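Note sheet for the following structure.
The values are calculated or read from the model by the stated rules, or taken from the named source; none is laboratory data. Quick caveat: nothing in here was measured; it's all calculated off a predicted structure. Cβ placement follows ideal geometry from the backbone for every residue including glycine, while neighbour counts extend to all protein chains displayed. Surface accessibility is based on the protein's heavy atoms, side chains included, excluding ligands, DNA and RNA. Shrake-Rupley method; radii C 1.70, N 1.55, O 1.52, S 1.80 Å.
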Amino acid sequence: MYLFQPERYLLQKQVKKASPHIRGRVLDVGSGTFARYKRLFQFSEYVTMDIQESERVDVVGSADQIPFPDNSFDSLISTQVLGDIMDPQKAVSEFHRVLKKGGTAVITESFINEMHDEPYDYWRFTRYG
């Protein structure tokens, strides 16, 4: 059975638009069990990280405590993760910490979406929040 998810399709299109900016050593924070965006980027190394262990996840870790030293990555991608973290500002600080100076981060989060991954679905962000 195939289930079409329009929000995933639209997200993929937006990430593809940003793909020319993703390069070098890339960290995919919250990659899930597969690197769904990897094929969109030109890179020297692509590291997947997720909170849940899987044979397809390179590193098990949380976005609010990334287990890499400062200035480790040229680029970072994190889609639909910040709303599932109790302290999203800490995660953004971690993104900044592991990115090299001049590095690029592509970060997305849903605004209108059903509850998911309960009880770990905490936030919806508006332009005012």
Scanning region 73-99 for residues that are of a type outside the set (A, V, I, L, M), closer than 16 Å to G32 by Cβ and out of contact with any Leu (no Cβ under 7 Å at 6 or more places or on another chain), which turns out modelled with the highest pLDDT?
S78
Can you confirm whether region 14-27 contains a residue that is at positive phi and modelled with pLDDT of 95 or more?
yes
Quickly run through region 58-75 and pick out the residues that are over 15 Å from G103 (Cα atoms) and not in a loop (DSSP other than H, G, I, E, B).
V59, V60, S62, Q65
State whether one or more residues within region 25-36 are charged (D, E, K, R) and open to solvent by less than 60 Å² (accessible area, probe 1.4 Å).
yes
Give the number of residues within region 19-53 that are in contact with a helix residue (DSSP H, G or I) (Cβ under 9 Å, 6 or more places away or on another chain) and assigned to a helix (DSSP H, G or I).
2
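Every residue, every condition in (1) charged (D, E, K, R); (2) open to solvent by 40 Å² or more (accessible area, probe 1.4 Å); (3) within 19 Å of A18 (Cα to Cα); (4) in a loop (DSSP other than H, G, I, E, B), yes or no:
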position	(1), (2), (3), (4)
E55	yes, yes, no, yes
I77	no, no, yes, no
G83	no, no, no, no
M86	no, yes, no, yes
Q89	no, yes, no, no
T104	no, no, yes, no
Quick one: in region 91-100, which of the residues that are farther than 26 Å from R8 by Cβ and free of Cβ contacts under 8 Å to residues at least 24 places away in the same chain is most open to solvent (accessible area, probe 1.4 Å)?
H96
What are the pairs, 6+ residues apart or on separate chains, where a residue within region 101-118 that is over 19 Å from A91 (Cβ atoms) has its Cβ under 6 Å from a residue that is assigned to a loop (DSSP other than H, G, I, E, B) and modelled with pLDDT under 95?
M115/D121
In region 40-53, what count of residues is obtained for those that are more than 15 Å from the chain's Cα centre (by Cα) and exposed (fewer than 13 other Cβ atoms within 10 Å of the Cβ)?
4
Just one of D74, D64, D87 is under 12 Å from V29 (Cα atoms) and among the charged types (D, E, K, R); which is it?
D64
